[in-house]
Each structure stands twice: as C-alpha cells, then as structure tokens.
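Reading through the structure tokens given below for one structure.
The values are calculated or read from the model by the stated rules, or taken from the named source; none is laboratory data. Computed from a prediction, not measured in an experiment: that's the story for all the values here. Neighbour counts are summed over all protein chains in view; Cβ atoms, including those assigned to glycine, are modelled from backbone coordinates with ideal geometry. Only protein heavy atoms, including side chains, enter the accessible area calculation; ligands, DNA and RNA are left aside. Shrake-Rupley method; radii C 1.70, N 1.55, O 1.52, S 1.80 Å.
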Amino acid sequence: MTIVGISIKALKAKKLSSFLSVLLVAFGMAIITTLILVSHQLTQKLERNAANVDAVVGAKGSPLQLILSSVYFIDFPTGNIPLKNFEEIKRNRMVKTAVPIALGDSYEGYRIVGTEPSFLQLHQLQIAEGKLWSKNFEIVIGADVAKAKNLKLGALIYGSHGLTTGAEVHEEHPYRVVGILSKQHTSADQLVLTPLSSIWGMHHHEEIVEEEQDITSILIQYRSPVSTILFPKMINEQTNLQAASPAIESARLFSLVGIGFDVLHYFAILIMVIAAISVFITLFSSLKERKYDLAVLRILGASKQQLFTMMLIEGVILTFIGALLGLAAGHILVEVLGSLDGASQVLFSGYLFLNDEFYVLWAGIGLGIIAAIIPAIQVYRYDIAKILNN
C-alpha cells in the first residue's frame, strides 16, 4: 500500500474528527470564496454602469442617492427638476452629451425610464429585436425584463405609479413593446425605456404645459477633463441643483460596503485558523493510538522521511477536501443570492471563476501543511526501540 493509501485509511479511522476538520476548512473557504465573487462582481457592475457617465445633475439632496437612482436604478430619486434646466445645461460649452431621464413609474418591479434616444447611445445599448420608439407609450425593454415576463414585440404592459410593486396601475394608458435590447450585463437589462412625453402623458390627461415637463436628472458626459473640476463647482454653487460624480460616489459606496466585507473576511480567516488548529489536534491526538503502527511500519522498511511525509499528506488531504467543498459551496451560495427576488439588479453569478480563488485554495493547502508540521516532526523523532519495548 502506498503512503497516500495509508494516510487515507488513517483519516478514515478518525471519521468524526476528520469530518469536523474538513467542515471547518470548508466553512471558512466558502465565506472567503463568496466574498471574492461578490466583491468582484459588485465592483464590475459599478464600473460598467457608470462607464460613460461623468456626472449626474439633479435636485438637491444626497449625492449618493442621486447616483444610485439615476445610474444604478436602485434607490429613490432626490426629486424632480424642470425640463428647462436640461436645455440650459445641454447648451453649456463644458458638456459634450446631456441625457434627461424621468423616473416615477414601474412595471412589476422593473423601472420605467422616460428618456431620449441619446440614452441608448450614451450607454452603448443595442436593440436585438424590433426598433426604437417613434411615439408615446411605445417602449424598448431590457433583455431581463423580456425573459422574466416572457414579453414579445407587440405585447402590451401596464405601468404602476411608484417604484415598487403593488402600487396603483395606470390602466388607461398601456405601453406597447416595440424593441428588445440585447443583453448588456448592466442595469439596462432591467429597464423599460420610453419617450419623456410618455411619462408626462401618463400623469396628465389634458394637454401638457411647460411647467409640468419635469425630469428626474440629467446624465452628463464632459467635453474635456478640465470640466471634471469646473462643471460640478458651477452647478453646486451657482444653481439650485447639484452635480454628483458616479466615480466618487461609487467609491464611497464601495468603501461603506467594504467595511462589512472586511469584517466577514477577518471572520473567515479566524475560521480557517481554527480549522488549522482542528487539523493539528486531529493528527496529534491520533499519534498516541498509532504509535505502535508507525513503529511496525519502520520495521517493515518505512523510513523516517516517509512517515514524516505521510503526516504532511494527511494534513493536505483534510484541507484540500475542505477547500474544494468550500469553493463549491461559495459558488452555489453566490448563485442562490443572484436568483433571489430583487437580486437581479446586482447580477451575481456563481458560474464565474477567478484567479484569486486558486490562490486561496493553495493558501488553504499550505495551512494544512503548517498544521501537520508538528505531528510530522513528532513522528520523525520517535524512538522505535523504546516504543516496541513499552
């Protein structure tokens, strides 16, 4: 029988303690894997959604709330602003592109966004089926909306007031699907896009006057890097509006989320350390019972180096199995998180594999080797003659 075979049989003889060691390693590895996948995908989502937006102009309030509602579509707006503000900003020499958006209604949890065709150009959205809207109450829907609600071209949907489900349904004005966006892997996949006039017409049954033409915010793309400093300063100091930077606010958001990640990360490391101690205890406690078996192996021709290696292998086996189970559990957990109701905005997927996971796997195996070092040294120092005499 090989050294590996003997190591496996030795671990099987201590089923309970071996199982607990594997379970602890798996638990710690699952937490670390989940954190790696979630933080990576969250960062990617933040970057993709704000890739072409330099600033967002909207009503005074929380800058972070303005970014979350207008770029990521996961919060309530800070308020409305007159359309004339958009016309003024659009003419500003520091602005290359200005895109208005109007929020307020939703369709079964998916946000209805009133905007202009420039929204698609800004976010580089492609229409996979159908065409762009040409009149009021025509809509272009995201790929996830079409898939989740099984909507085809020509389908009619009814929006409801507010940004949450269960609100009053606007039955007097159905929307007609005229286009379906290709999969973007951004918030656009969960949006229902329509002309601004559809949003205004939905809430005003008579002719719309200029004073009623409100929008929620304006997405800005600068003409030059200098505008990054000058434009927000101008808006925030000289108008009753505010300009917020997606880059700055996203960094702020991730720093806040990162605090929770750090706590969980340290907790996972603690679990892994406890797992290493458990592996050490499992191997060290088995030495007393296996002392005579090891002595017999020496008589049968096994060298000190081979017994030393055998103990190391046992530690590696325990941590390797635990690490693999933990990796699998982490991916399953992330996939479950991504499939929960309301999680589609976050786009978590358990089918993503990152290089960092392999580093963590090797670190786990290294932990097993470290835990097995002392028992292995103990075996190496055994006095075979003394053991057999006793």
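A few remarks follow.
- Residue-level accessible surface for residue 359, protein heavy atoms, 1.4 Å, Å²: 150
- Legend: residues 147, 131, 15, sorted from most to least accessible area (1.4 Å probe; ligands, DNA and RNA excluded), read 147, 15, 131.
- With DNA, RNA and ligands ignored, accessible area of residue 129 (1.4 Å probe; Å², nearest 10): 90
- On Cα atoms only, tilt of 246-299 relative to the major axis of the chain in degrees: 10
- Length-normalised contact order of the chain in % [C-alpha pairs under 8 Å, at least 6 apart]: 28
- Those lysines that a straight Cα-Cα span of less than 18 Å connects to residue 12, excepting residues fewer than 8 apart in one chain: 288, 291
- The chain: angle of helix 15-49 to the longest principal axis, Cα-based, in degrees nearest 10: 20
- Rounded to two decimals, the Cα radius of gyration of the stretch 55-244 over 2.2 N^0.38 Å is 1.01.
- Within straight-line reach of residue 147, meaning a Cα separation under 23 Å, sit the following lysines at least 8 residues removed in sequence or on another chain: 45, 131, 183.
- In percent, rounded to a whole number, the relative contact order of the stretch 55-244 is 35, using alpha-carbon pairs under 8 Å and six or more apart.
- Summarising the strand pairing of the stretch 55-244, around 75 percent of its internal DSSP beta bridges are antiparallel.
- Among 152-160, 316-324, 241-249, the order from most to least packed when residues are scored by Cβ within 10 Å on average: 316-324, 241-249, 152-160
- Enclosed volume per residue, in Å³, of the convex hull spanned by Cα atoms of the stretch 1-74: 131
- Degrees separating the helix 3-13 axis from the principal Cα axis of the chain, which is the longest one: 80
- When each of the peptides 185-195, 35-45 is scored by the mean number of other C-beta atoms lying within 10 Å of its residues, the order from highest to lowest reads 185-195, 35-45.
- Its residue count N fixes a reference of 2.2 N^0.38 Å for the chain, and the Cα radius of gyration divided by that reference is 1.43.
- Model label sites at residue 48 and residue 224, defined 7 Å from Cα along the beta-carbon direction, differ in position by 3.4 nm.
- Taken one residue at a time, the phi angles of the stretch 121-127 give Karplus couplings (6.51, -1.76, 1.60, θ = phi - 60°) of 5, 4, 8, 6, 8, 10, 8 Hz. Gly and Pro are set to x.
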